[in-house]
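Read the structure below first, then the notes.
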Amino acid sequence: MEIEYTNITVLPDQEKFALEKIIERDFKKIKRLLKEENCKLKVHIKAAKKGERKRYNFNYLLITPKKKFSTQTKDTKESGDYDIVKAAHKEMEHLLNEVKHYVRKESGWKKFGIKRLFSRLKEGD
């Protein structure tokens with residue numbers, strides 16, 4: 001896999017293992033969607049201390065031959081999280097949705113309107 005981690009040394013071994021497992025699983029889904037072999041994912045981890053607990057934020061950059069996809073979490077209630085697994089999964093879902101949107105747009109799944117579809121059906125009869 002072509003996954004590059006930044007700031008992963010600040011995490012304990014148990015969290016590293018869980019994080020790598022989730023990111024590798026979701027990265028396989030993204031590669032399958034894109035049908036690209038030359039994908040590279042860069043993961044930047046930020047740990048901000050909020051009181052006694054740490055809040056984790058992730059930045060992902062997916063580089064493909066055709067396009068670059070990126071997602072960033074802001075340090076807010078909706079995006080960052082105290083659980084590293086949950087925070088990583090949330091942000092990978094954002095990246096996956098961005099890739100799905102791009103794939104649909106590129107494939108032209110909705111090129112024609114409903115009127116054109118019905119007119120083509122009438123012509124075929």
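Computed from the alpha carbon atoms alone, the convex hull of the stretch 25-71 holds 69 Å³ per residue.
Computed over neighbours whose Cβ is under 10 Å from that of TYR82, the net charge equals +3, Lys and Arg +1, Asp and Glu -1.
What the Cα atoms of the stretch 3-124 give is an Rg and a Dmax of 18.8, 69 Å.
Laboratory data are not the source of any read-out in this text; all were calculated from the coordinates shown. Values in this document were obtained by computation on a predicted structure and should not be read as measured data. Virtual Cβ from ideal backbone geometry, glycine too; neighbours counted across all protein chains shown.
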